Every structure is written in C-alpha cells, then in structure tokens.
Amino acid sequence: MMQAHSFRALRAKILAHRRAFHEAETLAREAVELAAATDAVSQHAHVLLSYAEVLSLEGRAPQARELSSEAIRLLEGKRNLAGSRQAHAQLSSLASA
C-alpha cells in the first residue's frame with residue numbers, strides 16, 4: 001500500500017502538471033511534513049524532489065533548487081548513491097532553467 005506521503009507527493013505532481021499550483025503545493029508541503037516525521041530518509045528525500053518538481057513547474061526554480069539540494073544532503077547522508085545521482089540530475093536540470 002502506498003504511504004500517505006508518497007500518495008500526496010504523486011498527486012501534487014499530477015496537479016502541478018495540470019497547472020493547479022495552489023493545491024499541488026499544499027499537497028507537496030503536507031507530503032514533506034509527513035515524510036519528515038518518519039525515519040524513512042530516502043523517502044523523505046524523494047518527497048522533497050517531488051515538491052521541487054511542483055515548484056519548478058510553477059516557475060519557482062530557486063526554491064526548487066533549495067529543496068533538491070536538501071534532498072541530496074539526505075541521500076548522501078544515507079549513502080543512497082542511486083538516489084543521490086537522480087537528485088543531482090534533477091538539480092542540474094533546474095540550474096539550466
């Protein structure tokens with residue numbers, strides 16, 4: 001079963017792609033809060049990356065880069081190299097935006 005924070009993050013990205021930014025950001029923020037309250041560091045980082053995607057789609061690249069950087073710190077601290085590479089790729093794409 002999908003955890004509440006993962007569901008909210010996924011739904012937030014869908015809404016952002018539909019340009020429903022206010023609702024998307026609210027769900028993404030809730031997802032981050034829920035994930036932060038767990039000991040699931042990698043999932044917390046992936047939820048941060050989802051929130052970053054929402055902000056990027058909204059045209060808020062600087063804030064998206066901050067969240068991506070935070071996700072990278074979490075993933076590298078956990079030594080999740082695959083997740084860290086994915087987060088670095090997302091950050092690189094935001095840097096060119």
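The residues of region 71-89 that are of a type outside the set (A, V, I, L, M) and under 13 Å from Val47 (Cβ atoms) amount to a single one, Gly83.
Scanning region 14-59 for residues that are out of contact with any Phe, Trp or Tyr (no Cβ under 9 Å at 6 or more places or on another chain) and charged (D, E, K, R) yields Arg18, Arg19, Glu23, Glu30, Glu33, Asp39, Glu53. The residues in region 56-70 that are surrounded by fewer than 24 Cβ atoms within 10 Å (Cβ to Cβ) and either of a type in the set (Phe, Trp, Tyr) or touching a helix residue (DSSP H, G or I) at 6+ places or on another chain (Cβ under 6 Å) (or both) can be counted, and the count is 7.
Conditions tested, residue by residue: (1) in contact with a Cys (Cβ under 6 Å, 6 or more places away or on another chain); (2) surrounded by 14 or more Cβ atoms within 10 Å (Cβ to Cβ); (3) more than 20 Å from Gly83 (Cα to Cα).
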{"residue": "Phe7", "(1), (2), (3)": "no, yes, no"}
{"residue": "Ile14", "(1), (2), (3)": "no, no, yes"}
{"residue": "Arg18", "(1), (2), (3)": "no, no, yes"}
{"residue": "Ala24", "(1), (2), (3)": "no, yes, yes"}
{"residue": "Glu30", "(1), (2), (3)": "no, yes, yes"}
{"residue": "Asp39", "(1), (2), (3)": "no, no, no"}
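Let's see how each residue does on (1) at pLDDT below 85; (2) out of contact with any Pro (no Cβ under 6 Å at 6 or more places or on another chain); (3) assigned to a helix (DSSP H, G or I):
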position	(1), (2), (3)
Pro62	no, yes, yes
Leu67	no, yes, yes
Glu70	no, yes, yes
Glu76	no, yes, yes
Gln86	no, yes, yes
Ala89	no, yes, yes
Ser92	yes, yes, yes
Ala97	yes, yes, no
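Against the conditions (1) out of contact with any Lys or Arg (no Cβ under 9 Å at 6 or more places or on another chain); (2) modelled with pLDDT of 95 or more, Ala31 satisfies every one except (1). Of the residues making up region 12-38, those that are outside any helix (DSSP H, G or I) and over 24 Å from His88 (Cβ atoms) are Arg18, Arg19, Ala20, Ala37.
Checking each residue in region 42-54 for being closer than 14 Å to Ser69 by Cα and either of a type outside the set (Ser, Thr, Tyr) or modelled with pLDDT under 95 (or both) picks out Ser42, His44, Ala45, His46, Val47, Leu48, Leu49, Ala52, Glu53.
The values are calculated or read from the model by the stated rules, or taken from the named source; none is laboratory data. No experiment lies behind these values; they were computed from the predicted model shown. Every residue, glycine among them, receives a Cβ derived from its backbone with ideal geometry; neighbour counts consider all protein chains shown.
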